[in-house]
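The values are calculated or read from the model by the stated rules, or taken from the named source; none is laboratory data. Predicted, not measured: the structure shown is a model, and the values here were computed from it. In this analysis, Cβ positions are derived from the backbone assuming ideal geometry, glycine residues included, and neighbour counts consider all displayed protein chains. Keep in mind that these areas ignore ligands, DNA and RNA; they rest on the heavy atoms of the full protein, side chains included. Shrake-Rupley method; radii C 1.70, N 1.55, O 1.52, S 1.80 Å.
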Amino acid sequence: MARQKANASLTEQMDMAKSQALTTDARPPSLGSKSTKGWIQRASKAGRDPDKLVTRLIMETRKNETLGKCSMPSLIQCAMEAASLDLSFGGAMGQCFPIPFWDAKAKTYKAQLLVGYKGYITVAYREGIVIRAGVFYENDEYDYDEGTGHIKHKPALVERGAMLASWAQAEFDDGRKKCKVMNMEDICSVRDNSQGYRRANDKGYSHPWVDHFPAMAQKSAIRNLFKTLPQGSNLEALAVSDGIVHDDEGAGFNPEIIDVQAEQT
């Protein structure tokens with residue numbers, strides 16, 4: 001059995017972990033249990049000690065009452081996905097965030113992993129790609145060429161004016177560069193297509209697209225840039241993990257999930 005667990009893919013490990021957590025004839029494991037830490041450690045490609053990750057996730061559940069109500073299988077899966085990407089929850093690093101959703105079909109809260117723009121930069125750096133990002137304002141000095149990947153940006157020190165665009169640039173270890181620039185129309189289109197933003201806007205919730213618009217604009221530019229990068233295994237895993245809501249059958253996004261509490265930068 002131990003060898004079977006060790007050789008299983010991350011998806012298979014998550015399915016086994018959820019099955020164990022959902023077993024009706026045994027008490028579901030807690031985040032701090034030995035079995036949960038074992039699943040998280042096996043999910044970590046870097047072989048990191050799971051204690052720090054689990055501790056930070058528990059701290060997040062204590063800071064957020066709704067997150068503390070999330071189903072244990074979804075919290076475990078959230079932790080395993082973060083471990084597989086070797087990213088840390090919340091805090092000053094701000095690499096990834098567990099976010100609570102209300103699943104109307106299951107009538108329970110579930111946790112979803114959202115990767116912040118710092119998480120994207122961290123994962124790309126491990127692949128030998130340096131990511132930079134920023135926001136152009138009307139009084140800044142800037143120049144760019146998406147054909148060559150050239151970005152020049154000198155922010156104004158005072159009175160930067162209205163926001164015009166967000167940008168992201170990738171520099172490879174051989175000196176090649178790629179860049180993407182998104183104008184306000186593109187950025188607002190991404191925002192308006194966010195289910196979390198729409199529901200938060202309708203219900204008057206606080207939301208990063210309202211509270212941290214420039215950071216979300218930078219993340220949008222980075223995600224747009226990632227579509228053009230060579231897809232190493234970690235970059236592919238990041239694209240799959242970020243912002244996906246899983247149901248207990250492993251079917252992926254559940255359209256009946258409502259009342260999104262927040263999306264982090």
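Right, Phe213: modelled with pLDDT of 65 or more, open to solvent by 20 Å² or more (accessible area, probe 1.4 Å) and either touching a strand residue (DSSP E or B) at 6+ places or on another chain (Cβ under 9 Å) or among the hydrophobic types (A, V, I, L, M, F, W, C) (or both) or not? Criteria met by Phe213. Checking Arg198, Arg223, Arg176 one by one, the residue that is more than 18 Å from Phe136 (Cα to Cα), modelled with pLDDT of 85 or more and basic (Lys, Arg) is Arg176 and no other.
Residue-by-condition table, conditions (1) over 18 Å from Lys227 (Cβ atoms); (2) assigned to a strand (DSSP E or B):
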{"residue": "Tyr109", "(1), (2)": "yes, yes"}
{"residue": "Leu113", "(1), (2)": "yes, yes"}
{"residue": "Tyr120", "(1), (2)": "no, no"}
{"residue": "Ile131", "(1), (2)": "no, yes"}
{"residue": "Thr148", "(1), (2)": "yes, no"}
{"residue": "Ile151", "(1), (2)": "no, yes"}
{"residue": "Trp167", "(1), (2)": "no, yes"}
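Checked against (1) modelled with pLDDT of 80 or more; (2) in contact with a Gly (Cβ under 9 Å, 6 or more places away or on another chain); (3) open to solvent by 10 Å² or more (accessible area, probe 1.4 Å); (4) not polar (S, T, N, Q), Cys96 meets all criteria but (3). Scanning segment 153-165 for residues that are among the aliphatic types (A, V, I, L, M) and either in a strand (DSSP E or B) or surrounded by 12 or more Cβ atoms within 10 Å (Cβ to Cβ) (or both) yields Ala156, Met163, Leu164, Ala165. Among the residues making up segment 113-150, those that are open to solvent by less than 30 Å² (accessible area, probe 1.4 Å) and in contact with a Cys (Cβ under 7 Å, 6 or more places away or on another chain) are Leu113, Leu114, Val115, Gly116, Gly119, Gly149. With respect to the numbered conditions (1) open to solvent by 60 Å² or more (accessible area, probe 1.4 Å); (2) charged (D, E, K, R); (3) in contact with a Phe, Trp or Tyr (Cβ under 9 Å, 6 or more places away or on another chain), which one is the sole condition not fulfilled by Arg191? Every condition holds for Arg191 apart from (1).
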